[in-house]
Amino acid sequence: MTKTKITILVGFLGSGKTTLLKHIASLYQEGKIVIVVNEFGQQNLDIKRLESHFKHSHEVTGGSIFCSCKSDQFIDTILALSKEDFSHIFVEGSGLANPSSLPHILKILAKKTEDQVHYKGTIALVDPSNISKITKTLNAAKNQLTYADMILLNKVDLTTEDQIKDAIKTISYFNHDAPIIPTLYSVIDKDKLEELESLEHQANYQQTMDMHLQKVCLQLEHPSKEDLENLCQELTTKTDRIKGVYSSNQESFYTEYIDGKLHFEAIDFTGENYLILLSTHKDYLKASIEEVLKKSKHAFSVCSLS
């Protein structure tokens, strides 16, 4: 019986994991593959963006697959998928995924699947503009680098030469062995993906107390695209990532605020207009958003803030 391959993707918020999965869909059109998308919260927008690209998809929400609260569900999901005739399982971890428990999870998987799942390795996506900063405060970011078997230095077209050098220096401090591959829009050759193999890893640094991820859902009533972009511009200093759904004239779009601009992508989804705001800042996120809304020069009809 042919073993099912499994590849795990990790990366801090907005590093390009979902974009990489779309690229993987184009590379493996002939094969029967499945994706498992993990979202820290209950609302999983990424799966909505990917369903049209993959025939087979699953989601694990409400926590990280590497945490004890969700690792059993993750293991059961992989176990069930391994009994089907998929050639490859690609797993997208949440933005704050901490893979330090991965070796333990892999041992359980090997035992429960009777070694019918072949772990290819973990790919970490890195944004050179922020990796040096976030590894100073987030254990998850440190461990994503440490336990990676391949590292994609993504968005190199949007960063300076000094930022790239600094990012490589940071990566090398946590991981000497994983190959570092510069990428644009998460594009990588299929041969490189097939060459991925797991390495031996050991953390050589002291774990510090992590900042907790704060998540707020902001529902808006019939905003214009211009008003939505203005709001995101005012909120961006309070958050690490802004994404959501914008619906107008019976059409829905995945929205994401990146580099000072709101991007729209058509999705098959019906629902309210809302933004999901993620932050690792020390300030209380909900109060910060309420303050921005109060001081805003633009009028927004807020349905709920939770």
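Evaluate region 22-34: report whether one residue or more is open to solvent by less than 10 Å² (accessible area, probe 1.4 Å), of a type outside the set (S, T, N, Q) and not in a strand (DSSP E or B). Within region 22-34 (the criterion being open to solvent by less than 10 Å² (accessible area, probe 1.4 Å), of a type outside the set (S, T, N, Q) and not in a strand (DSSP E or B)), the answer is yes, since at least one residue qualifies. Determine, yes or no, whether Ala167 is closer than 16 Å to Lys133 by Cα and either over 18 Å from the mean Cα position of the chain (by Cα) or open to solvent by 80 Å² or more (accessible area, probe 1.4 Å) (or both). When the stated conditions are applied, Ala167 passes them. Scan region 87-105 residue by residue and report those that are of a type outside the set (S, T, N, Q) and under 16 Å from Ser64 (Cβ atoms). Selection gives Val91, Glu92, Gly93, Gly95, Leu96, Ala97, Pro99, Leu102, Pro103, His104, Ile105. Restricting attention to region 157-169, does a residue exist that is in contact with a Gly (Cβ under 9 Å, 6 or more places away or on another chain) and touching a residue at least 12 places away in the same chain (Cβ under 8 Å)? No: region 157-169 contains no residue that is in contact with a Gly (Cβ under 9 Å, 6 or more places away or on another chain) and touching a residue at least 12 places away in the same chain (Cβ under 8 Å). For region 37-64, the candidate set comprises residues that are modelled with pLDDT of 90 or more and within 12 Å of the chain's Cα centre (by Cα); within that set, the residue that is nearest to Ile188 (Cα to Cα) is Val37. Among (1) farther than 30 Å from Lys3 by Cα; (2) within 18 Å of the chain's Cα centre (by Cα), there is one condition Pro99 misses while meeting the rest; what is its number? Among (1) farther than 30 Å from Lys3 by Cα; (2) within 18 Å of the chain's Cα centre (by Cα), Pro99 violates only (1). Are any of the residues in region 188-200 out of contact with any Lys or Arg (no Cβ under 8 Å at 6 or more places or on another chain), among the β-branched types (Val, Ile, Thr) and surrounded by 15 or more Cβ atoms within 10 Å (Cβ to Cβ)? Yes, region 188-200 contains a residue that is out of contact with any Lys or Arg (no Cβ under 8 Å at 6 or more places or on another chain), among the β-branched types (Val, Ile, Thr) and surrounded by 15 or more Cβ atoms within 10 Å (Cβ to Cβ). Filtering region 68-106 to residues that are touching a strand residue (DSSP E or B) at 6+ places or on another chain (Cβ under 9 Å) and hydroxyl-bearing (Ser, Thr, Tyr) leaves Thr77, Ser82, Ser87, Ser94. Taking residues in region 178-199 that are over 15 Å from Leu20 (Cβ atoms), and partners anywhere that are open to solvent by 50 Å² or more (accessible area, probe 1.4 Å) and not small (Gly, Ala, Ser), the pairs with Cβ atoms closer than 6 Å and at least 6 places apart or on different chains are Leu199/Asp177. The set of residues in region 267-284 being of a type in the set (A, V, I, L, M) and out of contact with any Asp or Glu (no Cβ under 7 Å at 6 or more places or on another chain) consists of Ile267, Leu275, Ile276, Leu277. Take the conditions (1) polar (S, T, N, Q); (2) over 24 Å from Val216 (Cβ atoms); (3) part of a loop (DSSP other than H, G, I, E, B); Ser15 misses just one of them, which is (2). Scanning region 62-83 for residues that are open to solvent by 50 Å² or more (accessible area, probe 1.4 Å), out of contact with any Gly (no Cβ under 6 Å at 6 or more places or on another chain) and either hydrophobic (A, V, I, L, M, F, W, C) or touching a residue at least 60 places away in the same chain (Cβ under 8 Å) (or both) turns up Cys67, Ala80. When region 120-139 is filtered for residues that are open to solvent by less than 30 Å² (accessible area, probe 1.4 Å), of a type in the set (Gly, Ala, Ser) and at negative phi, the ones remaining, listed by number, are Ala124, Ser132. Once region 1-12 is narrowed to residues that are open to solvent by 10 Å² or more (accessible area, probe 1.4 Å) and in contact with a helix residue (DSSP H, G or I) (Cβ under 9 Å, 6 or more places away or on another chain), the residue that is nearest to Asn143 (Cα to Cα) is Phe12. In region 96-119, the residue that is least open to solvent (accessible area, probe 1.4 Å) out of those that are within 24 Å of Asn204 (Cβ to Cβ) and not hydrophobic (A, V, I, L, M, F, W, C) is Pro99. When restricted to residues that are touching a strand residue (DSSP E or B) at 6+ places or on another chain (Cβ under 6 Å) and closer than 28 Å to Glu272 by Cα, region 22-43 contains 7.
The strands (runs of 3 or more DSSP E) falling completely within region 171-270 that include 1 or more residues that are under 22 Å from the mean Cα position of the chain (by Cα) and over 20 Å from Asn154 (Cβ atoms) map to 214-220, 241-248, 251-258, 261-266.
The values are calculated or read from the model by the stated rules, or taken from the named source; none is laboratory data. Small disclaimer: the values here were computed from a predicted structure and weren't measured. We place every Cβ from the backbone using ideal geometry, glycine too, and count neighbours over all the protein chains shown. Protein only, heavy atoms only, side chains kept; ligands, DNA and RNA dropped before computing areas. Shrake-Rupley method; radii C 1.70, N 1.55, O 1.52, S 1.80 Å.
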